[in-house]
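Okay, structure first, notes after.
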Amino acid sequence: MTSSALAEAQLRYQRNRNRELRAGTWRGLVDAEAARTHVRDMNRIWRVSYQAIAEAVGLRKSTVFHLMDGTPGRGLKPPAKISARVSDAILGFVVDDLPDHARINAIGCIRRLRALAVDGWSVREIAARANVDEKHLLVVRAGEQATVHVSIARRVRDITDELHTLDPLDHLPKRSVGYTRSHAAAQGWLPAAAWADVIDEPDAKPWEMVRCSYPTCIHGSKDERLLCARHLKKLQERGTLEGLRVMRNRDALIEDTRFILSTDPPINPDTEEIDRDRLAERLGTTWEALEAALRRAQINVSTLRASA
C-alpha cells in the first residue's frame, strides 16, 4: 500500500469512527480470533477462498488475507484485534451468501445423494424434482467431482429435506426403489442418519455424532440400528433389548454423569440448580443410587459439575 493510499484509508477509518461515535454505535476493536476461525472453517469445510468470502460480505480481499496471514511484505503478523464492523461481516457469512456460480466442497452433496439412494430414490427422480441434469448428478454421486456449484448444492439439499419426509414406494415403481436400494447397499452407502448434523463436515466419521437409541444411553451410535457398541452386543447376544437392565460400574456411572453435566445439564427452573431426579432418570437409575456412588467416590454433584 502506498503512503497516499494508507493516508486515505486512515482518513476513511477516522470518518467512519467519528460518524459512529456521534450515532452512539461505535464498538471499537474486537478480538479477531472468532472471525479468523470462521474463515478457516469456511475454507476447510467448504473450500471457499478468502477472496470469495471477502466479495460475498463486501470487504476488500486484502482485509481478509491480512486477517488470516498478516502482510508478510510489510512484516505484519495477523492482527489480534479487528474492527467490529469487519468481525460482524465475516461472522455473519454463510455458504448461501455465495453466488450460484461459486464452487464449494461436494462432500455434503455426495452424501445426500447417496443417502437418498439408500432410501430408494433414483437419480432420475431427484434430477426431475430438483430441475438438475441427471447425468451431472450421477457424476457427483459417484464422487468424481471434488466441488459443485452452489446452485446444485442448494437444490440437492432442499430436495433431500423434502424427500426424506416421503416414502419412495408411494411415488416410484417398486422395482425402481428395490434396484436403487440394492445398488446403494452394494456400494456401502450410508443413510442420512449416519451423519446427524455433520453431513457437510469433510472430516466427520459416520455414526460418530449419533446418540444410541436405547433409552437413557448417552453413548455414540455404532451402526444403522442406532445402537452403541455395548447395546449392539447385547442385541446380538439376546436377540432383543426388552427387559435389559441399565447397569454400570461406578466409574462408568460417574463418567456418564460428568458427560451430561458438561453437555446438557438438567436444571430446575425454580432453583436454577441441578435437578437431581431428572439427572438420575436420564442415567437410568435413582438419585439415591447415584448419590451413593458419588459419595463412595467422595464426589458431590456441584464439584462434578464444576470439573465437567
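Quick note: the coordinates plus some simple rules give every number you see, no bench work behind them. Here the structure is a predicted model, which means the values were calculated and not measured. Cβ placement follows ideal geometry from the backbone for every residue including glycine, while neighbour counts extend to all protein chains displayed.
Worth pointing out:
- Simple label model, 7 Å out from Cα along Cβ direction - GLU281 to ASP100, nm: 5.1
- Nonlocal amide H pairs with THR71, under 5 Å, H built at 1.01 Å: LEU76, LYS77
- Computed on the Cα atoms alone, the convex hull of the range 103-195 gives a volume of 84 cubic angstrom per residue.
- Partnerless cysteines, meaning none of the other Cys C-beta atoms lie under 4.7 Å away, in the chain: CYS109
- Spin-label model, HIS136 to ARG85: label points 7 Å out along the Cα-to-beta-carbon direction sit 3.8 nm apart.
- Sorted ascending by nearby beta carbons within 10 Å, beginning with the fewest, LYS234, LYS81 become LYS81, LYS234.
- Estimated D of the chain in µm² per second, where Rh is the Kirkwood radius over Cα pairs and Stokes-Einstein applies at 20 °C, 1.002 mPa s: 89
- Distance-filtered residues of the range 192-206 - backbone nitrogen under 19 Å, label point 7 angstrom along ALA229 Cα→Cβ: 205-206
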